[in-house]
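A short write-up of the structure that comes next.
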Amino acid sequence: MPDDVTSAQPVTPTDRATHPAPTAPAAERRPVGRTHHGHTFVDDYEWLRAKDDPEVVAHLEAENAWTHAQVAHLGPLREQVFAEIKGRTLETDLSVPVRQGAYWYYTRTIEGKQYPIHARVPAAGFGADVAEWTPPEIGPGRVPDGEQVLLDQNVEAEGHDFFSLGSFAVTPTDGRRLAYAIDTTGDERYTLRVRDLDTGQDLPDEVENTFPGAVITPDGEHVFYPTVDDAWRPHRIWRHRVGAPTSEDVLVFEEPDERFWVGVGLSRSQRFLQIELGSKTTSESWVLEADDPTGEFRPVWTRREGVEYTVEHAWFRGVGEKLLVLHNDGAQNFELVVTDVPVGPGEEGPSAPLDPAAATVVVPHDPQARLESVDAFASHVALGYRRDAVPRVGLVALAETAEAGGTAGSVMSTAGWAVHEVSFDEPLYTAALGPNAMFDQPVLRLQYTSFVTPSAVYDVDLATGELLLRKRQPVLGGYDPADYAQSREWATAEDGTRVPISLVWKRDAVTLDAAGTGADPAPLLLYGYGAYEISMDPYFSVPRLSLLDRGVVFAVAHVRGGGEMGRSWYEDGRLDRKRNTFTDFVACAKHLVGTGWTSPERMVADGGSAGGLLMGAVANLAPEMFAGVLAGVPFVDALTSILDPSLPLTVVEWEEWGNPLADPEVYEYMRSYSPYENVPDDASHYPRILAVTSLHDTRVLYVEPAKWVARLRAAGAPALLKIEMSAGHGGVSGRYARWEEIAFEHAWTLDVLGLADSR
């Protein structure tokens, strides 16, 4: 075995509270008035925003000490849960290799190491034989013959409390250079470097303060990267010539509209560099030939307010190159069209943007299925979509499409394409395409999982349609999916809307009646998010087993504001319909109580970020429904943040929540639900609350949960604050540190549910 395996030291949870506070911290009240639209809100705790003030730091440290003192009795349980997670995880493991060019790329993890190692081995052959696209079998713990380590994150992380890899792009043709970017503070400002993979040494190139998503050109001579403005919005794309000083970097694109984020990528065909920009409701794509990186990007369709679209380059035999455009212009759930490629510069300059009306619809709008992604390959087009709140993958065989119309040109047929769904047996699951790096390959990589089925990697043989299992996530300790069950329930919201709930539990730990619902109220963790059209899809979780095996039912409330039921589901949970998100969650909780699954004293609510706003709102709306509320990096001082355009992300968020600065109705609506402002004078009847945050979070500033907990505690609520002093929005970095964090939260949840002594 490698030396770094045998020398690894065991990692165990630690209690970071060295000086437990004898009493709960009581933040000093320093009232400051905030007046908008004739209304004044007096904020007693805004002074906690001064991140570098010694008094603020002392208060946050006191909060941590108090929290750890309050949960000190859970130390053995935390250690046990951590050991369970660790014991079920194959710590020395590797991902399924992905083919790109002449190499198979993969990541390896080693027992005792926090971070993965990125590596590759040579591939043999470029033919259409599936055998040549069968990934090499590499045993866990064995360094394969011919392996080349590209980047060892453990080495890069040495000496840092936090580490995050933001960009990782290898030249796709010859694989000789790597562009990568790292963050060692958690503030999501990444340093970009270029590594010569022939020598393994970094070149002198170093660019500070970049944003994730850098891309390197196929010839390895240029790197395109985004940077952010003062509001942490990626708004510029730069071109860096490898070997040149960064002072010569060229600004190739800048987006002045503060609502829009900008990113850059390379088409799978390697034909185009693509700049994608979008707000919450509008998007635009620009393209440039990758073999002309110093040329000018040009738009595909002219930006139109309220129209979103994404672009995928494709080659059609007998037709030539085209663009596949997925858009929502007059198609709420999106449709797929085929259009031309905008012409590059010639004697008369580049062409004007294309006319959307000239495109041909090949997959029409379906009110029952939300189209979410399109991926083009030489012989097939793959679609990602969701129907009945289940994410699915469908394939279009281009040869079959052409034959149906009699000519190769029928790939442009207005009759539409036949989409063949890749089917699976389970009622609840998640199927997703990728990663697939090459345009001309005879297999397509799929990812599959469910609440009870560990993640699986398949290749689809495009010639036969056969699913080839490449790997299933190993779960140590004798895990058997048959010991667990999953199901779907439907709650009825205040306005009569049916809201889906997904549940998973251990069969012998939960008693069901003849109707398949709870016969004896069980402890239950109800999770929710409900924003940005982000869907909470079924997935397998090793850490979750520590809850399920103790008899806890895990449930997901698929509330409006997410995207589970299509675009209308999102629209009904944003702007002036945002309250639907909160009342849907409460309706789900009441349904679970009413059908016997659980009872209020045996239910904990859980959500993070925008889901943390949900947690704060339901604590105010229905505190009697929950025994506890777990809020991760919670957006609980929403109105204060959205009123301040100087804060990170505020302006881009106005399309999600509204602009309370300009519109008094938006102000009043947000004021009606913003958790911080609606904490009552007496909150002694509130459930136990744990807020978890990070000092360097740039998305939801630490001050929001800090103020919220201060006000809750002043009102008598049993609230705790845990703050990571060297982490960002995603929390701690490193897998062991993350397991430790999960063990902390699980132990608190089990304690609230009366299961702290369970084994």
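Each value in this text was obtained by applying a stated rule to the coordinates, not by laboratory testing. Since the model is a prediction, treat every value here as computed from it, not as a measurement. Positions of Cβ are generated from backbone atoms using ideal geometry, with glycine treated the same way; all protein chains shown enter the neighbour counts.
Computed from Cα positions, the angle between helix 703-714 and the longest principal axis of the chain comes to roughly 20 degrees.
Please arrange Met603, Met565 by counting, for each residue, the other beta carbons lying within 10 Å of its beta carbon, fewest first.
On the way: Met603 26, Met565 22.
Ordered by Cβ neighbours within 10 Å, fewest first: Met565, Met603.
Distances over 39 Å make up what percent of all Cα-Cα pairs in the chain? Intermediate results must be reported in sequence, preceding the final value.
Details: 111158 of 287661 pairs.
Summing the P(r) tail past 39 Å for the chain gives 39 percent.
Ranked by how many other Cβ atoms sit within 10 Å of their own Cβ, fewest first, the residues Thr310, Thr511, Thr640 fall in the order Thr511, Thr310, Thr640. Helix 735-752 and the longest principal axis of the C-alpha atoms of the chain enclose an angle of approximately 40°.
Each DSSP beta bridge with both residues in the chain is either parallel or antiparallel, and the antiparallel ones are about 85%.
What percent of all Cα-Cα pairs in segment 160-266 falls in each 10 Å bin, counting up from 0? Taking all Cα pairs of segment 160-266, the binned fractions are 15, 48, 30, 6, 0 percent.
Tell me what the chain gives for mean residue ellipticity at 222 nm when only DSSP H runs of n ≥ 4 count, each as -39,500 (n - 2.57), the sum divided by the residue total, rounded to 500 deg cm²/dmol. The partial results should precede the final answer.
Numbers: 14 runs with 137 residues, N = 759.
Helices in the chain give a 222 nm mean residue ellipticity of -5500 deg cm²/dmol.
According to the calculation over all Cα-Cα pairs in segment 54-179, the P(r) per 10 Å bin from zero is 10, 28, 27, 17, 12, 6, 1 %. Only lysines eight or more places from Lys506 in sequence, or on another chain, were considered; those with a Cα closer than 28 Å are Lys86, Lys471, Lys590.
Structure shown: which of Lys280/Lys578; Lys578/Lys722; Lys578/Lys707; Lys51/Lys578 lie over 20 Å apart, alpha-carbon to alpha-carbon?
Working: Lys280/Lys578 15 Å; Lys578/Lys722 28 Å; Lys578/Lys707 23 Å; Lys51/Lys578 30 Å.
Exceeds cut-off: Lys578/Lys722; Lys578/Lys707; Lys51/Lys578.
Between Glu665 and Ser247, full extension at 0.36 nm per residue minus the direct alpha carbon distance yields a gain of 145.7 nm. The angle separating the long axis of helix 610-621 from the principal Cα axis of greatest extent in the chain is about 30 degrees. Counting beta carbons within 10 Å around each of Phe626, Phe554 and listing the fewest first gives the order Phe554, Phe626.
Charge tally around Phe163: other residues with Cβ under 11 Å, Lys/Arg +1 each, Asp/Glu -1 each, net -4. Sorted on the mean count of surrounding Cβ atoms within 10 Å across their residues, most packed first, peptides 356-362, 456-462 read 456-462, 356-362.
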